[in-house]
1. Tally the residues that are part of a loop (DSSP other than H, G, I, E, B), touching a helix residue (DSSP H, G or I) at 6+ places or on another chain (Cβ under 7 Å) and either basic (K, R) or surrounded by fewer than 19 Cβ atoms within 10 Å (Cβ to Cβ) (or both), restricting the search to segment 54-79.
2. Which pairs turn up if I take residues in segment 102-114 that are within 18 Å of N153 (Cα to Cα) and look for partners that are of a type in the set (S, T, Y) with beta carbon separation below 8 Å, at least 6 apart in sequence or on another chain?
3. Can you find a residue in segment 129-151 that is modelled with pLDDT of 90 or more, in contact with a Cys (Cβ under 9 Å, 6 or more places away or on another chain), of a type in the set (G, A, S) and assigned to a helix (DSSP H, G or I)?
4. Filtering segment 14-45 down to residues that are at pLDDT 85 or above and polar (S, T, N, Q), which residue is farthest from I133 (Cα to Cα)?
5. Looking at segment 81-95, which of its residues are modelled with pLDDT under 75 and either under 14 Å from M136 (Cα atoms) or open to solvent by less than 90 Å² (accessible area, probe 1.4 Å) (or both)?
Amino acid sequence: MTWLADASRAVAPGPAQQVMGYPSLFLLVLIGALLPVVPTGALVSSAAVVAFHQTMPFPLALVFVTASLAAFLGDAALYWLGRRGMRSKNGSRWLEAIRSRAPEERLAQARGKLAEHGVAVLVLSRLVPAGRIPVMLACLMAEWPLRRFARGNLPACLAWAATYQVIGIVGGSLFAEPWEGVVVAVVLTVVISAAPGVWRRVRAAG
């Protein structure tokens, strides 16, 4: 839970300690975009809870800018690495990592929707749990240039950061203590992330 500790450092009084939380947020979201094992949604929500209780000017705006910029740069870097792997005869470990997180059924759906709706699917992919990687891989297989991907991914990252920040604000507004709001925000993001997978299992079982 190191990411949660980093996100909560800004609770401590003092402007210097508050400011230090933003580079940590940027770095963790960037890493989470490159290595989809860091729960970046919960991280942003937790940071928003902390910002909600700060006295420093514009803390929520700083969380939004930091999170969306880090997500955008991380996605762009991962896409560039994926394109490099597509051009390589032997591929690359980054491309293999992307493929391993995109089941064939989800990939086929993503390719169909991308062909039909274009950039709109890319924007929505970041708002759907586990939707980012299949759509990114579909863009790679469609041979989208990095510039086209980046244009579609920018509003996707902005919408993603805003959505999880709202979850954090809701959690922060319910409790006087920041740590209580962080717990609620994390629980909400976990439930939202797990809901589609549970629904698919229920449908398959039925």
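The values are calculated or read from the model by the stated rules, or taken from the named source; none is laboratory data. Not measured: the values here are computed from a predicted model. Cβ sites come from the backbone with ideal geometry, for glycine too, and all protein chains shown count toward neighbours. Keep in mind that these areas ignore ligands, DNA and RNA; they rest on the heavy atoms of the full protein, side chains included. Shrake-Rupley method; radii C 1.70, N 1.55, O 1.52, S 1.80 Å.
1. Within segment 54-79, residues that are part of a loop (DSSP other than H, G, I, E, B), touching a helix residue (DSSP H, G or I) at 6+ places or on another chain (Cβ under 7 Å) and either basic (K, R) or surrounded by fewer than 19 Cβ atoms within 10 Å (Cβ to Cβ) (or both) number 1.
2. A110/S125
3. Scanning segment 129-151, I find no residue that is modelled with pLDDT of 90 or more, in contact with a Cys (Cβ under 9 Å, 6 or more places away or on another chain), of a type in the set (G, A, S) and assigned to a helix (DSSP H, G or I), so the answer is no.
4. By that ranking, first place goes to S24.
5. Of everything in segment 81-95, those that are modelled with pLDDT under 75 and either under 14 Å from M136 (Cα atoms) or open to solvent by less than 90 Å² (accessible area, probe 1.4 Å) (or both) turn out to be S88, G91, S92, W94, L95.
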